[in-house]
Each structure stands twice: as C-alpha cells, then as structure tokens.
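In what follows, a structure is listed as structure tokens, so that the remarks can point back to it.
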Amino acid sequence: MDQQAIEAIVAEVVSRLNGAAKNDSIPIAVSARHCHLSQSDLEALFGEGYELTKKADLSQPGQFAANETITIVGPRGSIEKVRILGPARNMTQVEVSQTDSIKLGSKPPLRESGDIKGSAPITLVGPNGSLYKKEGLIIAQAHIHMNPDDAARFDVKNGEYVKVDVGGIRPATLGKVLIRVSPRYKLEMHVDTDEANAGFITGKTKGKLIKDEAAL
C-alpha cells in the first residue's frame, strides 16, 4: 500500500471520528417567554375567525413564531409583547421564567409543557379583548426534543430524565432534563432565559448528555 493510500485512509478515519464526536453533542436553544393559544382564545383576543400570521419558522418542524403578541397580567405586574407561537393548539399555555414570575407576582409551577392542570392563573390581553385563565401559566421544565433514532443513539426513552453538561466560559451541569421523543421532533434542547443567563448559553451552545442514574 503506497503512502498516498495510507494518508487517504487515515483522513477518512479522522473524518468519521470527528463526525461521531459532533453527533454526540446536543444543540441548545433559549426559549424566551411565549404563549400557545387555543383557537377559541385566539379569536377572543384578536377577533372572530382570526388566524395567526407567520413571522419566522422555529426549529421544530411545523412550529412558528407569529407576528402577533399579547400582554400577560399577574397580581402585581404585567409583561407586554409576549410572542405567540403557532399553530393554534387545543389548549392555552403561557411559559415564563422565574424572573418573569416575580415581575408578574405569580407562582407558576415547574412543569412539562402541556401539563397545565392546577397551574397558575393568568390574564391575557389582546387587541380585541382580554381573558382570565384559571390555569395555564407555567415555568417549562428544561427538555430535549429528539426523534426515535436520536433516542436509540443516546440510549434514552421518552419521559426519562438526564443531565446535560454545558461547556463555555461558565461551565454548568443542568439536572432533571426531560427527554421528549417523537418522529416529528428535531434534536434540540430547550432552556429558559434564566437558565441561559446563568450558564452564558447562546443559540450556538451545545451540551453533552449524561445518563442520570439517580433519576432512573
């Protein structure tokens, strides 16, 4: 075997090893405060028959940030221009950070997205009216979206909790990170703005998944 062939094989091996290393990392996205609205609540806030208009696609397939925003009001304060994410869902949910909840004067629980039963109340204000919701305000549990192939590669299952090591200038380990598996998901971890600020996490940050044996 000549030297050129050997160098080609070595280059191929290095390339594959680098690719495998990259595949072990998980992109992290910062999820700022936002809301999901049911169609009936959307119409109550914006008018009968109203449909959301797309501002930008999100990383998860079929999801988008709408041009429309609302004001959310708690017992002690309010926050304007809270972005609506589309499309409309079968229930209304507002996701904020702990810092946001202090401004609102509310006490939302830490929950998996979609689990709003018994969560905190919130008032929503749109251009066509306002709504008082007895529940629906939460702080979203940090989580990782992944498809079944990703889950197999990382050896995790839907509903499992893991840890994620985050590098950078302020390294941190985030615990009790929820795994969410669906064929429609794209690999991505979501943290809120408080978690991002604490770890200097930006849209270019990646993490390393660690099996949390204590949580099994």
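Structure summary
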item: Computed lengthening from ASN67 to LYS204, 0.36 nm per intervening residue step minus Cα-Cα distance; result: 46.9 nm
item: Exposure rank, largest accessible area first [LEU110, LEU45, LEU209; 1.4 Å]; result: LEU110, LEU209, LEU45
item: Too-long pairs where the Cα-Cα distance tops 28 Å, listed order kept, from LYS107/LYS206; LYS133/LYS208; LYS133/LYS186; LYS157/LYS208; result: LYS107/LYS206; LYS133/LYS208; LYS133/LYS186
item: Degrees separating the helix 3-23 axis from the principal Cα axis of the chain, which is the longest one; result: 20
item: Rg/Rh for the stretch 108-216, where both radii come from Cα atoms and Rh is the Kirkwood radius; result: 1.04
item: Area accessible to solvent at SER130, 1.4 Å probe radius, in Å²; result: 80
item: Pairwise centroid distance, computed over Cα atoms, of the stretch 177-216 with the stretch 58-86, Å; result: 21
item: Alpha-carbon spread of the chain, three principal axes, descending order, Å; result: 77, 37, 30
item: Theoretical ellipticity at 222 nm over the chain - DSSP helices of four or more residues, -39500 (n - 2.57) apiece, nearest 500; result: -7000 deg cm²/dmol
item: Estimated dipole of the chain in Debye, rounded to 20 [Cβ of Lys and Arg +1, of Asp and Glu -1, Cα centre]; result: 520
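The values are calculated or read from the model by the stated rules, or taken from the named source; none is laboratory data. The structure displayed is predicted, hence computed values, not measured ones. All Cβ positions, glycine included, derive from the backbone under ideal geometry; neighbour counts span all protein chains shown. These accessible areas exclude ligands, DNA and RNA; they are computed on the full protein's heavy atoms, side chains included. Shrake-Rupley method; radii C 1.70, N 1.55, O 1.52, S 1.80 Å.
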